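The values are calculated or read from the model by the stated rules, or taken from the named source; none is laboratory data. Just so we're clear, the structure is a prediction, and the values are computed from it rather than from any experiment. All Cβ positions, glycine included, derive from the backbone under ideal geometry; neighbour counts span all protein chains shown.
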Amino acid sequence: MGSRRWADAATLILVLASLAAAAAAPTASVRVEGALPTTGSLAQSDLEQLGPTTSTWSTHGESHQVTGVRLDKVLAHFGFTPGLMGKDIPVAQKVRGYRQVLVATARDGFQAVFSCAELTEGMGQTVVLLVWAVDGKPLGQDVGPFRLVALTDGMPSRSLRQLERLRVVDTPG
């Protein structure tokens, strides 16, 4: 066999190995778990179906365009509701969802905590996006594939990188 055939065969093997590795690579996703009616994982394609938005985020003296979905939409996708309110509802059951908290966890173990009430549009004033692009570009591995961006926070402490998990937790009552 000539050297040209060996080169063609080696190229074919490299291409097939790359395709196999890409097919075996898991799709990046965020796990959503805890005290919700349903739980599961969301990939970027799932998040895009929830109604993405683009907003301006200012951090460390710079402004960036971030693209993502509001965190309250993610929670609603898994069945989160504030709960019932009224005179006939027992106190322990009134707006149970507003007494829950969300714990966001990054790959390195860093966590940020939000009350579900503050995240709910119309109730709280905190706006948090689950982001997959900044300035029109996908997030790099050092930041993504997903991150949380707390648009309304004065400091970026709860805007965590490399988001892996969102967990809804009941507070003691």
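Evaluated against (1) in contact with a Pro (Cβ under 7 Å, 6 or more places away or on another chain); (2) assigned to a helix (DSSP H, G or I); (3) under 13 Å from Phe146 (Cβ atoms); (4) among the small types (Gly, Ala, Ser), Gly68 falls short on exactly one condition, (2).
State whether one or more residues within region 148-160 are at pLDDT 95 or above, within 25 Å of Pro37 (Cα to Cα), in a loop (DSSP other than H, G, I, E, B) and touching a Leu at 6+ places or on another chain (Cβ under 6 Å). The answer is no; no qualifying residue exists. Could you list, ordered by first residue, the pairs with Cβ atoms under 7 Å in which the first is in region 53-66 and touching a residue at least 60 places away in the same chain (Cβ under 8 Å) and the second is aromatic (Phe, Trp, Tyr) and assigned to a strand (DSSP E or B), at least 6 apart or interchain? Hits for this filter: His64/Trp57; Val66/Trp57.
The residue that is farthest from the chain's Cα centre (by Cα), counting only those in region 77-95 that are touching a residue at least 24 places away in the same chain (Cβ under 8 Å) and more than 27 Å from Ser157 (Cβ to Cβ), is Ala92.
Selection within region 161-173: residues that are of a type in the set (Val, Ile, Thr) and surrounded by fewer than 17 Cβ atoms within 10 Å (Cβ to Cβ). The member of this set that is modelled with the lowest pLDDT is Thr171. Candidates in region 94-147 are the residues that are of a type in the set (Val, Ile, Thr) and assigned to a strand (DSSP E or B); of these, the one that is surrounded by the fewest Cβ atoms within 10 Å (Cβ to Cβ) is Val113. Checking each residue in region 31-45 for being touching a strand residue (DSSP E or B) at 6+ places or on another chain (Cβ under 8 Å) and either under 14 Å from Leu75 (Cβ atoms) or among the acidic types (Asp, Glu) (or both) picks out Arg31, Val32, Glu33, Gly34, Ala35, Leu36, Thr39, Gly40, Leu42.
Among the residues of region 161-173, those identified as touching an Asp or Glu at 6+ places or on another chain (Cβ under 8 Å) and not in a loop (DSSP other than H, G, I, E, B) are Arg165, Leu166, Arg167, Val168.
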